[in-house]
Each structure stands twice: as C-alpha cells, then as structure tokens.
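The structure appears below as structure tokens.
Since every read-out is calculated from the coordinates, none of them should be taken as a lab result. Worth saying up front: this structure is predicted, and the values here are computed from it rather than measured. When we count neighbours, we look across all protein chains shown, and the Cβ atoms used for this are built from the backbone with ideal geometry, even at glycine.
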Amino acid sequence: MAPAKTQPFSIRLGVQASMLVADEVRRSGRSRSVVVEELAEEAAKARLLPGIAFRGRPRRAWVIGSGLDVWEIIELLRSHAGDEALLLEAHPLLSSRHLRIAQAYAERFPEEIEALLVESRRPLEELHALYPFMHIPRPR
C-alpha cells in the first residue's frame, strides 16, 4: 500500500528560521520541504513529550539526560521483564523519569519504536555481510 500523499502547505519563514533550514538542506542534501517537515514533526513530538530530543540518521528519539535512545530503554526494560526497580538498580544512570518518558513515547509512537527494536535484532551474519570490517567476537 502506497503512503498517503501529503497536503500542500505554504509557510513563510523568518530570516533566522530560513537560514537554519537552508543550512540543514545544504548539510543533508535533502529538499527544503523534507527538512521543514522533519523539523516540524520533531518539534511537535518534543512539545508533546518534554524530555525527548532527536539525533542521528535515521532520526531517533532519545531521552535527554539518559544518553539512550527510547528504543534502547524499552529494550532494557523488556530484558528485565518489565521490572523497573531491577532495571534502575542495574543501570544507576537511568532514573524513573527516564523510564516514564521512554514508555510514554513508545506508547504514543509504537510503530516507530518497534521498527527500531526489530532493526537492532539483526543476525550477526547479516551484520557481518553488511559491515565486513566489523570484528564480531565468536562465543567460546
């Protein structure tokens, strides 16, 4: 099924916003409309869930102050069978606030987080085929 077409939307950017968008267009090589759409979506998500920011390519939500992407916190929580106290004990740099923010984001945008979780579980053979320079220690 093809993605839904977007609706045209015209905006006028101020001088500062226009300069920032133009710089991102230049650095990323992406179109102005793609950059503005990405920035608008990220800003809306960050306002909806304070404590969330975005980084990397592809863009990933991360929890400010934790150093971890949302999907990484969700993976950690799942690996501890949902036991938040056990997770916080095992990872003292995480806080219950970090967990709440990550869980809220994952509940609001489940497809995004599940896709990143699936991507993180690629078989070692596939990763080695994609990145032959990567050293993968073999179990003893």
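Of note:
- Cα centre as origin, Lys/Arg/Asp/Glu Cβ charges: segment 50-129 dipole, Debye: 360
- Charge dipole (the chain, unit charges on Cβ, about Cα centre) - positive-most of G82, P123, L48: L48
- Taking segment 24-92 and dividing mean pair separation by its residue count, relative contact order in percent (alpha carbons under 8 Å, at least six apart): 12
- The chain - charge dipole about Cα centre, Lys and Arg +1 at Cβ, Asp and Glu -1, debye rounded to 20: 500
- For the chain, the longest principal axis of the alpha carbon atoms and the long axis of helix 32-48 meet at an angle near 60°.
- Sites matching GluC sites (Glu not before Pro) across segment 1-81 that sit in DSSP coil, with at most 12 neighbouring C-beta atoms within 10 Å: none
- Were the residues from E114 through L130 laid out at 0.36 nm apart, the gain over their Cα-Cα distance would be 3.6 nm.
- Take every pair of alpha-carbon atoms less than 8 Å apart whose residues are at least six positions apart; their mean separation over the length of the chain yields a relative contact order of 15 percent.
- Kirkwood hydrodynamic radius computed over segment 44-140 comes to 14.7 Å, based on all pairs of distinct alpha carbons.
- Degrees separating the helix 96-108 axis from the principal Cα axis of the chain, which is the longest one: 60
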